[in-house]
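All remarks here apply to the structure that follows.
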Amino acid sequence: IEKGQELFSKLVKEWKYIKPDLIYLRDYSLSNDEREIEKARNYYYNIFLPKVSNLKESLSNLEDFKYEVTEKVYISSQELYQNTIIINISIIFLGIILFLLLGVYTGKLIKNPIIEIKSGLDKVTSGNLDSNITYPYNDELSDVVNSLNTMILYLKKSNELSESQNWLKDGINQ
């Protein structure tokens, strides 16, 4: 930025020097006096043209600076774009990993209580009606476990009643 300000200040300063020269040349070139016209011609070639040359050089330097800055800005914007893409991909990747970890954790939260309930039901299925299904949590599945334990209790009572009836039948039949 400082270099650009310096180049622009130099350009403005050189333009300020040329502006009075243009007025001088205009006034003397319109004259009918050959000496004044010759004086204007000498002034034009010896003083004015070198100043214009300096002005053109300053313009060229300012234009080169503009292209240099434009290139740097372009490169910086490309780097920023690439960094943005990398950051976005990283965020998406981390989001997917977080989603998977959350899914595994949630799956275990659901799977482990169901495995405990199934283990208790396997005992009942094998004929052990004296077992209760233990479930240490107090959530929606605890209502299911309580209902299953009630059902096991009724099965046990029904089984005992059936055995009593069979015992009475056997006793009567003998």
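The values are calculated or read from the model by the stated rules, or taken from the named source; none is laboratory data. From a predicted model like this one, the values you see are computed outputs, not experimental measurements. Cβ: placed from backbone, ideal geometry, glycine included. Neighbour counts: every protein chain shown. In case anyone asks, the SASA skips ligands and DNA or RNA and just uses the protein heavy atoms, side chains included. Shrake-Rupley method; radii C 1.70, N 1.55, O 1.52, S 1.80 Å.
In Å², what does the accessible area per residue of the chain work out to with a 1.4 Å probe? Show your work: numbers first, answer last.
Numbers: 14310 Å² over 174 residues.
Accessible area per residue, the chain: 82 Å².
Take the Cα of residue 53, step 7 Å toward its Cβ, do the same at residue 98, and the gap between the two points is 6.7 nm.
Here the gap between residue 25 and residue 46, fully extended at 0.36 nm per residue and compared with their Cα-Cα distance, gives a gain of 6.3 nm.
Could you look at the chain and say what percent of its accessible area is carbon and sulfur, using a 1.4 Å probe and all protein chains? Let's see the in-between values first.
On the way: 8640 of 14310 Å².
That fraction is 60 percent.
Among the listed pairs 111/157; 10/56; 123/169; 10/66; 123/157, give every one whose C-alpha distance is greater than 23 Å. Please report the intermediate quantities before stating the final value.
Working: 111/157 31 Å; 10/56 11 Å; 123/169 30 Å; 10/66 15 Å; 123/157 17 Å.
Violating the 23 Å limit, Cα to Cα: 111/157; 123/169.
When you restrict to C-alpha pairs under 8 Å that are six or more residues apart and normalise by the size of segment 1-96, the relative contact order lands at 31 percent.
With a Förster radius of 45 Å applied to the beta-carbon distance between residue 9 and residue 91, the computed FRET efficiency rounds to 0.45.
Which angle between 0 and 90 degrees, to the nearest 10, do you get for helix 49-125 versus the longest principal axis of the chain when only C-alpha atoms count? Between the helix axis and the principal axis of the chain, the angle is about 0 degrees.
Note on the chain: with charges restricted to the Cβ of Lys and Arg (+1) and Asp and Glu (-1), its dipole about the Cα centre is near 240 debye.
For a distance above 24 Å, tell me the whole-number percent of Cα pairs in segment 11-102 that qualify. The partial results should precede the final answer.
On the way: 2416 of 4186 pairs.
Within segment 11-102, distances greater than 24 Å cover 58 percent of Cα pairs.
Net charge near residue 43, counting Lys/Arg +1 and Asp/Glu -1 over other residues with Cβ under 15 Å of its Cβ? It works out to a net charge of 0. Residues of segment 88-110 falling in the label zone of residue 144, defined by backbone nitrogen less than 11 Å from a point 7 Å along Cα to beta-carbon, are 110. Here is the P(r) of the chain: all C-alpha pair distances, binned every 10 Å from 0, give 8, 15, 11, 9, 7, 6, 6, 6, 6, 6, 6, 5, 4, 2, 1, 1, 0 in whole percents. Residues in segment 150-164 carry Karplus couplings, in order, of 5, 5, 5, 4, 5, 5, 5, 5, 5, 5, 5, 5, 5, 5, 5 Hz; the curve used is 6.51 cos²θ - 1.76 cosθ + 1.60 with θ = phi - 60°, and Gly or Pro positions show x. Projecting the Cα atoms of 92, 28, 17 onto the charge dipole of the chain (Cβ charges, centred on the Cα centre) puts 28 farthest toward the positive pole. In terms of overall dimensions, segment 43-92 has a Cα radius of gyration and Dmax of 21.4, 71 angstrom. Taking 0.36 nm per residue of separation and subtracting the current Cα-Cα distance, fully stretching the chain between residue 151 and residue 168 would add 3.6 nm.
With contacts taken as Cα pairs under 8 Å and at least 6 residues apart, the chain reaches a relative contact order of 14 percent.
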